[in-house]
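Reading through the structure tokens given below for one structure.
The values are calculated or read from the model by the stated rules, or taken from the named source; none is laboratory data. Since we're looking at a predicted model, the values are computed, not measured. Note that each Cβ is placed from the backbone with ideal geometry, even for glycine, and that neighbours are counted across all protein chains shown.
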There are 2 protein chains.
Amino acid sequence: MIVSTLLVGGLFFGLAGDVLASGAEEASHGSAAVTFLWIAILLLVAKAASLVEKFGQPSVLGELVAGVILGNLAILGINFFEQVKTDSIILFLAELGVVILLFQIGLESNIKDMRRVGIPALLVACIGVVVPFVLGTYIVGPLLLPNLDPNAYLFLGAALTATSVGITARVFKDLGKLRSPEAQIVLGAAVIDDVFGLIILAVVSAIATSGSVSPATIGLITAKSFLFLAGSIILGQIFAPRLGKLFSKINTGVGMKFSLAISIGLFAAFAAQMIGLAPIVGAFAAGLVLDPVHFRFFRDPQIVRDIRSAVKGVNSKTREKIFQAVERYSYRHIEDLIEPVAFLLVPIFFVMTGMSVRLDTMFNPSILLTALGITVVAFLGKLVAGLAAGSANKLIVGFGMIPRGEVGLIFATIGRGLGVVSDEVFSVIVVMVIFSTLLTPPILTFLLKRQKEADSQESSHLGLPRLHLSPYLLIRISRRSLHWLERRRRKS
Amino acid sequence: MIVSTLLVGGLFFGLAGDVLASGAEEASHGSAAVTFLWIAILLLVAKAASLVEKFGQPSVLGELVAGVILGNLAILGINFFEQVKTDSIILFLAELGVVILLFQIGLESNIKDMRRVGIPALLVACIGVVVPFVLGTYIVGPLLLPNLDPNAYLFLGAALTATSVGITARVFKDLGKLRSPEAQIVLGAAVIDDVFGLIILAVVSAIATSGSVSPATIGLITAKSFLFLAGSIILGQIFAPRLGKLFSKINTGVGMKFSLAISIGLFAAFAAQMIGLAPIVGAFAAGLVLDPVHFRFFRDPQIVRDIRSAVKGVNSKTREKIFQAVERYSYRHIEDLIEPVAFLLVPIFFVMTGMSVRLDTMFNPSILLTALGITVVAFLGKLVAGLAAGSANKLIVGFGMIPRGEVGLIFATIGRGLGVVSDEVFSVIVVMVIFSTLLTPPILTFLLKRQKEADSQESSHLGLPRLHLSPYLLIRISRRSLHWLERRRRKS
């Protein structure tokens, strides 16, 4: 299977290379067709790579690694994918993909579960922002990269703050752990995190441009961000039930509800961006606020008729039980409809994330070593934050917060634009993002599996003790039986 | 509902206008977010417009008209949507949408049904290409637009040949008629049509550039096109069952099969484009060749367990019946998975098609009148072709072939690029495309509904005569009963 997929892939590339070279002018009005080819290739590569699932790894890891390979084929002289990296349409589809992913995760998350973990999530977010920022800006930054503009350290520290929750969420999702308290804490903390990141970015930019920043400005930025977050939660609480009622009245079919739901998600992503937050935060919030209960679709009236006629002659109690068992499945939930869209777009995001990794930056030993040091800070800061996770597994929460992504890169890019961040610091931040992204999935998978094993052992202790057919047990049983038989014999 | 959707829409536009104006530089790194907003708006508008379904019209008509309105708001001074019209990402999503639509329609179509209508489809395609071409180039063109370069008439005639099957297919789909012989003939003829269109474009371009074309060149182009078509059908016949077998062995979940299927569709779209055919032709062919039987997914093993426990104690025959009724929908078909992707992308295509209509070209009376004449030719040519539809409804096939779209516009664009097609002729072609696009859905809906009524009347004639409780019948029955009673009395 892997071989055949790779073969097909190889044929694709061979064909595509030739055709692209010869057919470029022919296809002048049809550049869309080339993008179709790229999407097909990215999807096939992602799916071939997701076979790492067979080895117990989450498929997101496979997609990331496949992306790293594709993105660095240029080292071997294969330049086909260089165009893909900068193609605006593919980049857009990737961004739409991660928005859809977070919307989907928001829908699957429960606002009540989130509220229950509110306090630990807030603590995890606060510590996870303060510790890496202080370490990066004031201690490890000046230590590893001496003699820089102090503002460069500020940007380095800031780039270490915000968790990019997409990767962690995918790992939790791949392993069926999205509803666990750990996942809920990480998701909640990542949203709060992003708001802190926004404030820090505004403050740091102000310092870098004007040399200083007034407490009033900091206050204003902070107030604006929290107002938005609080506002969207309150508005969501007010409007979501009404929208839900409206949706439950819509009978014009599955398409209408799907379009409304996805439009709300996209609008929230846009609104978040406009206020300066990451679009994924808006999409996640929208998913969280929308109540999936109102997005059940009665799938096919035919099935009801079929089953009604099948159960004729069965007694009413059994019939009721059959109806109950079937009814649940005669609905399609909004998640079922978002899923195929996610199948199409989400792998593009992760493969493209992998492709943006430039292995050649790692070939510079001094950058690599410095980046390793900064990565240790990135890990430590969030692992310390994990200690605030209350009764949840602290290690899982800590590692779940580690991935840095687009927010860190945005900080680096803005800093470079302001002339504060040098190419060297920029590369260090990029390598830190790469390490934090690539190392998290396998570590998290390991921890989640270990937790599962521990759980199942614990439950076997709490429930009925399992019957181990050890030789010792057999001896005990036979001895007891002998005793019992002897007693009976004596009685008789 | 309509009002509230429009209200939400209005709020969107108001908000968006302000935010876009003020937040443009803020959102410099996040232009994707603005595209999210546009997608949300297009989807909401499309869905609000699809409420024309309540009045018995196909939703595609609503989407087209909504698009025409949005696209011409500039006349009223609202320029918000002008950006959307030329946004490369939205245009790409629209093109991806129509590719997905034709792939979906290919999957739903049956290759055996298509082969059964092979001869009528070929005839319909031939006549539908020859008649409008001859009429446009040699008769009506020179009559309505005198004193032009003869090559201009060639391009005008060529632009009248190829049917754009997307709209017709949507109407058939909206009304649940995709499996009818009429739909199959139109789909088949449109594919062949496109191949003829390709040949004509090559020939006409050669004539326009070099003044003449050798029969050898025409032969070569023709051979190449038919070879591609025949090749893909033969390859499909050979590989589709093998692929099917491979797919049926894949157990790594729904995502894998979905990705493989959609990748094949996209690759076929790319290949068609490379050979010079429209991408939608490739996508349709891929859908046709893939056997949906191999794309059944066992949905959830839980359902089987639940139902097994519910039917305990029921006798085995009834149990079997219940299992049969349930089994059918415990599977999800590939169509179910493509559908949500289509929900997201297809409305974008139709709204954008509507938006590309420029109402102001219609304000020029001389262009409008000429265009009306050419539109009559466009209609007549395909209605004559419909006469070859054999035993199928000739009017439905004829009107189904009428929509002209991207292929006609490509001809016009290439002709204009060669300096052969004047702005006047270009506008005439554009208006003809508009009329053929906008008039087809209501006419086709009317014809399909009339056919349905006729069918239901006919079946009541063929089957058992219905019992009309007319007074006359009552009198007859009572008379006969009286006779019968009297006879019995006499016998006794």
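Points to keep in mind about this one:
- Test: A:R332 is more than 7 Å from chain B (Cβ to nearest Cβ), surrounded by fewer than 18 Cβ atoms within 10 Å (Cβ to Cβ) and either more than 30 Å from A:L76 (Cα to Cα) or modelled with pLDDT of 75 or more (or both): no
- Flag if A:G62 is part of a helix (DSSP H, G or I), more than 14 Å from every other protein chain (Cβ to nearest Cβ) and not aliphatic (A, V, I, L, M): no
- Selection of the stretch B:338-377 for residues being under 18 Å from the mean Cα position of the chain (by Cα) and of a type in the set (G, A, S) yields B:A342, B:G354, B:S356.
- Residue in the stretch B:263-276 that is modelled with pLDDT under 70 and outside any helix (DSSP H, G or I) present: no
- On the stretch given as the stretch B:114-161, residues that are in a loop (DSSP other than H, G, I, E, B) and either within 18 Å of B:A202 (Cα to Cα) or in contact (Cβ under 8 Å) with a residue 60 or more places away in the chain (or both) total 6.
- A:L246 falls short on exactly one of the conditions (1) modelled with pLDDT of 75 or more; (2) within 14 Å of chain B (Cβ to nearest Cβ), and that condition is (1).
- Residue within the stretch A:145-167 that is buried (at least 24 other Cβ atoms within 10 Å of the Cβ), within 13 Å of the chain's Cα centre (by Cα), on the phi < 0 side of the Ramachandran plot and hydrophobic (A, V, I, L, M, F, W, C) present: yes
- Any chance A:I429 is modelled with pLDDT of 85 or more, away from chain B (no Cβ under 14 Å) and touching a helix residue (DSSP H, G or I) at 6+ places or on another chain (Cβ under 8 Å): no
- Looking across the stretch A:394-408 at every residue that is buried (at least 24 other Cβ atoms within 10 Å of the Cβ) and part of a loop (DSSP other than H, G, I, E, B), the one that is modelled with the lowest pLDDT is identified as A:R404.
- Pair list, Cβ < 7 Å and 6+ apart or interchain, from the stretch B:406-432 residues that are in the same structural domain as B:A278 (by TED's automatic domain parsing) to residues that are among the basic types (K, R) and surrounded by fewer than 20 Cβ atoms within 10 Å (Cβ to Cβ): B:F426/B:R416
- Selection within the stretch A:49-59 - over 20 Å from the mean Cα position of the chain (by Cα) and within 11 Å of chain B (Cβ to nearest Cβ): A:K54
- Count of residues meeting criterion [farther than 25 Å from A:I402 by Cβ, part of a helix (DSSP H, G or I) and of a type outside the set (A, V, I, L, M)] in the stretch A:206-225: 7
- Among residues of the stretch A:434-454 being polar (S, T, N, Q) and over 18 Å from A:V357 (Cα atoms), the one that is farthest from the chain's Cα centre (by Cα) is A:Q451.
- Of residues in the stretch B:319-329 being facing another protein chain (nearest Cβ under 8 Å) and modelled with pLDDT under 70, the one surrounded by the fewest Cβ atoms within 10 Å (Cβ to Cβ): B:Q324
- Of residues in the stretch B:51-75 being among the small types (G, A, S) and at pLDDT below 80, the one surrounded by the most Cβ atoms within 10 Å (Cβ to Cβ): B:S59
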